[in-house]
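See structure below.
The values are calculated or read from the model by the stated rules, or taken from the named source; none is laboratory data. Computed from a predicted structure; not experimentally measured. Please note: Cβ atoms are built from the backbone with ideal geometry, for glycine as well, and neighbour counts cover all protein chains shown.
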Amino acid sequence: MPDNATRVLYVGDLWRGSTALHRMQALRDLGADVVTVDTRPDRLHRQERSLPMRILRRLAGPLDLTRANAQIIAAARQHHADVLWVDKGLTIAPATLRAVRALRPQCVIAGYSPDDMKNPGNQSRHFLAAIAQYDIYFTTKSYGVGELIGLGARCVHFVGNAYAPTAHRPVAVTLQERAEFGGAVGFIGQWEAQRSASICAMATAGIAVRVWGQDWERCLCSAGPLQLEGRPLWGDSYALALCSFDINLCFLRKSNRDLQTTRSVEIPACGAFMLAERTEEHLALFDEGKEAEFFSSDAELIDKTRYYLAHPGARQAIAAAGRARCLRSGYSNQERMRQMLRIVDGLRR
């Protein structure tokens, strides 16, 4: 570790497969000296997916079950951090951030969230009370810049979504793995009403769709070609499934008002073909018909699905060009983190 390495106290949900873990690893790849406080380790992530824990979270909101606030203060006493990085700190109290500022006056306190933080479902009382304590807050929602300032943030910067090169990469798929994970058309993500309706429209039109993710028992579609797996995929299984589908659907979460999402870059980064909802931000990320394909209605979604299932050469060329665009345009976590560190370094100076 070089003597001038940026010293980062990184706070986030670091269970295996989380995007926060990918961002932390990217910091280390960039040469930062990183000390971590894990707000959701693997064991807790497994517990929180149980029905009793989901009910408790709904009733009480996010809980500091790892004593992360106490861990942060202890780590700030022990380590001379240049940056306190809080990845979606729903359980991090304003008093904790004030304590860090008193202990390390030169430390920049940076916040980050991949979610729509104006959405009450993504907020917490700690987040709302602590937002003014951050020196800078990074958001992947372009509309979130003004809204976070309206909530009390001092400085907000928009940054695009990212993929993890070690996790989201082309994978050679066997026939057995394709049968286990993939198929003609697939979607990996949680149930939401509008995406469910679109997938049901595809199945009703006779297109076989396979879905991985939580809460799909809420889908009432009974069309034969629809296969609901009823569980999420993480880590290597996620990339393997993306590479096992001829066409990967990319729906945006309406409750988050998404214009892009992590899936928007993870699919092309795997060298997989993406058919995504058409937005201005998607069109800025990838050239339509050359590096990805887009749709604005169920009719267009069905037409393009049928076309690309019948034209594998065109599909494969677009998938390869989409991965090349991810590499060329710097959509990796390493490049996104490098961009954010430059901004943080400017605040330090």
If a residue must be outside any strand (DSSP E or B), under 15 Å from the mean Cα position of the chain (by Cα) and under 12 Å from Leu148 (Cβ atoms), how many such residues does the range 111-121 contain?
3
Taking the range 306-326 and the residues there that are free of Cβ contacts under 8 Å to residues at least 40 places away in the same chain and within 18 Å of Leu285 (Cα to Cα), the one that is surrounded by the most Cβ atoms within 10 Å (Cβ to Cβ) would be Ala321
A careful count of residues in the range 279-305 that are without any contact (Cβ under 8 Å) to a residue 24 or more places away in the chain, surrounded by fewer than 16 Cβ atoms within 10 Å (Cβ to Cβ) and farther than 22 Å from Asn333 by Cα gives 6
For the range 129-184: of the residues being part of a strand (DSSP E or B) and touching a residue at least 60 places away in the same chain (Cβ under 8 Å), which is surrounded by the fewest Cβ atoms within 10 Å (Cβ to Cβ)?
Ala184
Report yes if some residue within the range 253-274 is of a type in the set (Gly, Ala, Ser) and without any contact (Cβ under 8 Å) to a residue 12 or more places away in the chain; otherwise report no.
no
Output the residue which, of all residues in the range 211-253 that are acidic (Asp, Glu) and over 22 Å from Val173 (Cα atoms), is surrounded by the fewest Cβ atoms within 10 Å (Cβ to Cβ).
Glu217
Inspect the range 86-101 for any residue being buried (at least 20 other Cβ atoms within 10 Å of the Cβ), out of contact with any Asp or Glu (no Cβ under 6 Å at 6 or more places or on another chain) and polar (S, T, N, Q) and give the result as yes or no.
yes
Which of the residues belonging to the range 132-150 are of a type in the set (A, V, I, L, M) and within 21 Å of the chain's Cα centre (by Cα)?
Ile136, Val145, Leu148
Which one is nearest to Asp29 (Cα to Cα) among residues in the range 156-195 that are under 19 Å from the mean Cα position of the chain (by Cα) and aromatic (Phe, Trp, Tyr)?
Tyr163
One residue is enough: does the range 258-270 have a residue meeting the conditions of a type in the set (Lys, Arg), assigned by TED's automatic domain parsing to the domain that holds Trp191 and within 22 Å of Asp215 (Cβ to Cβ)?
yes
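Taking Asn248 as the residue in question, decide whether it is outside the structural domain of Asn122 (by TED's automatic domain parsing) and under 19 Å from Thr19 (Cα atoms).
Values: outside the structural domain of Asn122 (by TED's automatic domain parsing): yes; under 19 Å from Thr19 (Cα atoms): no.
The answer is no for Asn248.
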Please verify whether the range 331-342 includes one or more residues that are assigned by TED's automatic domain parsing to the domain that holds Leu30, surrounded by fewer than 22 Cβ atoms within 10 Å (Cβ to Cβ) and over 20 Å from the mean Cα position of the chain (by Cα).
yes
For the range 291-349, which fully contained helices (runs of 4 or more DSSP H) count at least 2 residues that are modelled with pLDDT under 95, out of contact with any strand residue (DSSP E or B) (no Cβ under 7 Å at 6 or more places or on another chain) and among the small types (Gly, Ala, Ser)?
none
